[in-house]
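Below you'll find the structure, written out as structure tokens, and then a few comments.
The values are calculated or read from the model by the stated rules, or taken from the named source; none is laboratory data. Here the structure is a predicted model, which is why all the values come from computation and not from measurement. Note that we place each Cβ from the backbone using ideal geometry, even for glycine, and neighbour counts take in every protein chain shown.
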Amino acid sequence: MRSVAGEDPIISGMAGRYATALFELARDAGALDTVRTEIDALVVLIRENADFARLVRSPVFSAQEQLRALDAVLERAGIGGLSAQFVRLVTANRRLFALPDMVRAYKALVARFRGEVSAQVTVADRLSDQHLSALTDALKAVTGKAVQVELKIDPSIIGGLIVKLGSRMVDSSLKTKLNSIKHAMKEVG
């Protein structure tokens, strides 16, 4: 079997090696979606909880302290099985700080395996299921492939959205449009 990790610069280095190992284990166990959902939920917790983010990123905490805290978080979040084992291994190896990169690489491997493309979409506020579905359908029409949408909420863009699909980016945020108008007005005056 050929290695998937060496094919993409996003899936390289230490995070890529861990992600590849997790991908191969999850694929063999038939748990690709379960693992993706669980580790993605953990990354959201890291992003949304400053104390948890500090625990993950700070080298001040020992691996044992991180493991104790992480076990409580995993239990409370309902994360178990292969995902929990993976996160514990990463923690024991003092690589917890790289978990978001590992998750990103894992999701890229799953998408490639399924022939999907991944799109990062930044919006000012949560999208309704109907709007998310319409966005996903529009991206699918453009790419001709199934699209896995990763949503990021950033109120500073005011409105509209920013879509990153592979190496392409479309910024139709209200913030960018207002900045363009502001710049154009300076040139006129």
| Does Ile162 qualify as being over 17 Å from Val44 (Cβ atoms) and not polar (S, T, N, Q)? | yes
| message | Here is a check on your reading of the model: is Thr20 out of contact with any helix residue (DSSP H, G or I) (no Cβ under 8 Å at 6 or more places or on another chain), of a type in the set (Ser, Thr, Tyr), part of a helix (DSSP H, G or I) and assigned by TED's automatic domain parsing to the domain that holds Leu67? | response | no
| Matching entry among Lys177, Lys164, Lys152 (being more than 22 Å from the chain's Cα centre (by Cα) and either of a type in the set (D, E, K, R) or assigned to a strand (DSSP E or B) (or both)) | Lys177
| query | Considering Thr91, Thr122, Thr136, which residue is surrounded by 16 or more Cβ atoms within 10 Å (Cβ to Cβ), in contact with an Asp or Glu (Cβ under 6 Å, 6 or more places away or on another chain), at pLDDT 90 or above and hydroxyl-bearing (Ser, Thr, Tyr)? | reply | Thr122
| said: Kindly evaluate Thr37 against the criterion of being part of a helix (DSSP H, G or I), β-branched (Val, Ile, Thr), without any contact (Cβ under 8 Å) to a residue 40 or more places away in the chain and touching a helix residue (DSSP H, G or I) at 6+ places or on another chain (Cβ under 6 Å). | reply: no
| Verdict on Ala138 being part of a helix (DSSP H, G or I), over 26 Å from Glu24 (Cα atoms) and of a type outside the set (D, E, K, R) | yes
| query | Of the numbered conditions (1) over 20 Å from Arg114 (Cα atoms); (2) over 15 Å from the mean Cα position of the chain (by Cα), Arg27 satisfies every one except a single condition; which is it? | reply | (1)
| So Val44, is it under 15 Å from the mean Cα position of the chain (by Cα), part of a helix (DSSP H, G or I) and modelled with pLDDT of 95 or more | no
| task | Find the residue count for region 89-115, including only residues that are touching a residue at least 40 places away in the same chain (Cβ under 8 Å), of a type outside the set (Val, Ile, Thr) and under 23 Å from Val60 (Cβ atoms). | result | 8
| Would region 49-65 turn up any residue that is crowded, with 21+ Cβ neighbours inside 10 Å, closer than 27 Å to Asp154 by Cα, more than 15 Å from the chain's Cα centre (by Cα) and not assigned by TED's automatic domain parsing to the domain that holds Lys140? | yes
| task | Being within 17 Å of the chain's Cα centre (by Cα) and either under 24 Å from Thr176 (Cβ atoms) or not in a helix (DSSP H, G or I) (or both) narrows it down to one of Ala119, Ala98, Ala111, so name that one. | result | Ala119
| message | Quick test for you: out of Lys152, Lys145, pick the one residue that is closer than 23 Å to Pro100 by Cα and out of contact with any helix residue (DSSP H, G or I) (no Cβ under 8 Å at 6 or more places or on another chain). | response | Lys152
| query | List the pairs whose first member sits in region 173-189 and is closer than 10 Å to Ile158 by Cα and in the same structural domain as Ile157 (by TED's automatic domain parsing), whose second member is in a helix (DSSP H, G or I) and of a type in the set (Val, Ile, Thr), and whose Cβ atoms are under 6 Å apart, counting only residues at least 6 apart or on separate chains? | reply | Ser173/Ile157; Lys175/Ile157
